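Every number in this text was worked out from the coordinates using simple rules, so none of it is lab data. As the structure is a computational prediction, the values presented were derived from the model and not from experiment. All Cβ positions, even for glycine, are placed from backbone atoms using ideal geometry, and neighbour counts span all protein chains on display.
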Amino acid sequence: MKKKIVNFKLEVYTLCKQKLEERILSFEQAMKNAQEASNSEDKSSAGDKYETSRAMGQLDRDMNAKQLVEAQSEFASLSKINIDIISDKIIHGTMVETDIGIYFIAAGIGTIELKDETKLIKKVIVLSPKSPLAIALLGKSAGEIITFNQKQFHIKRLV
């Protein structure tokens, strides 16, 4: 049973890495497209239209660059997780099963869906360790109850 749970955690971890890799590629492509669009604008007789287009392209590129750096940072943080470690307290890299849902303290990815060992679709909410809920969970143990946003979470199991 424990091996199946650890394998499920590995699947979640692998899917998280894939999603972050996709984000990184997407932001890189968006930056490239914004730069190309900015560089290809021809001067026109409309005066400031050229400069406005270049400025908008630069803002778009900068926004994507910021998101790229954030995604790369999350990927680096995720890559440092040793998923074989099962702690008795919630730490970065712990999968937490509660009565409300399953949470993986790893990166700010959001909800992912995959099949567990019984082929049932399970939803796992992947949280950044810096998120308010993750902060509330860190350091807690199985059996504890926490209150967050006026909801009680009973921590059932840590993986």
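What to note about this one:
- Calculated diffusion of the range 73-159, Stokes-Einstein form, Kirkwood radius summed over Cα pairs, 25 °C and 0.890 mPa s, µm²/s: 186 µm²/s
- Max mean-square fluctuation residue, GNM over the chain, Cα-Cα springs under 10 Å, options Val126, Val12, Val69: Val69
- Against the chain, whose longest principal axis is taken from its Cα atoms, helix 2-40 shows a tilt of about 10°.
- Footprinting exposure proxy ranking of Glu97, Glu74, fewest other C-beta atoms within 10 angstrom first, gives Glu97, Glu74.
- 3J(HN,Hα) from dihedral phi, the range 85-90, Karplus parametrisation 6.51/-1.76/1.60, rounded to Hz, x for glycine, proline: 7, 10, 8, 7, 10, 6
- Going from the residue with the fewest nearby Cβ atoms within 10 Å to the one with the most, Glu21, Glu113 rank Glu113, Glu21.
- When the listed pairs Lys9/Lys89; Lys4/Lys119; Lys66/Lys123; Lys4/Lys123; Lys130/Lys151; Lys9/Lys122 are checked against a 21 Å cut-off, the alpha-carbon distance exceeds it for Lys66/Lys123.
- Peptides 142-150, 127-135, 82-90 ranked from most to least packed, by the mean per-residue count of other Cβ atoms within 10 Å: 127-135, 82-90, 142-150.
- Relative contact order for the chain, counting Cα pairs under 8 Å that sit 6 or more residues apart, in percent: 21 percent
- Remark on Thr98: its backbone amide H falls under 5 Å from those of Tyr103, Lys156, a criterion applied only to residues 5 or more positions apart or on other chains, H modelled at 1.01 Å from N.
- Nearest-0.05 FRET efficiency for Lys130 and Glu36, computed from C-beta distance (R0 30 Å): 0.35
- Under 12 Å, Cβ to Cβ, from Ala106 - net charge with Lys/Arg +1 and Asp/Glu -1: +4
- With the convex hull constructed from alpha-carbon coordinates only, the chain shows a mean projected area of 11.8 nm² over all directions.
- Label-point separation in nm, Lys156 to Lys2, each point 7 Å along Cα→Cβ: 2.0 nm
- Zone of Val69's modelled label, taken as backbone nitrogen in the range 1-23 under 12 Å from a point 7 Å along Cα→Cβ: none
- Annotation: amide H-H contacts under 5 Å for Glu144 (H modelled 1.01 Å from N, sequence separation of 5 or more, or interchain): Ile155.
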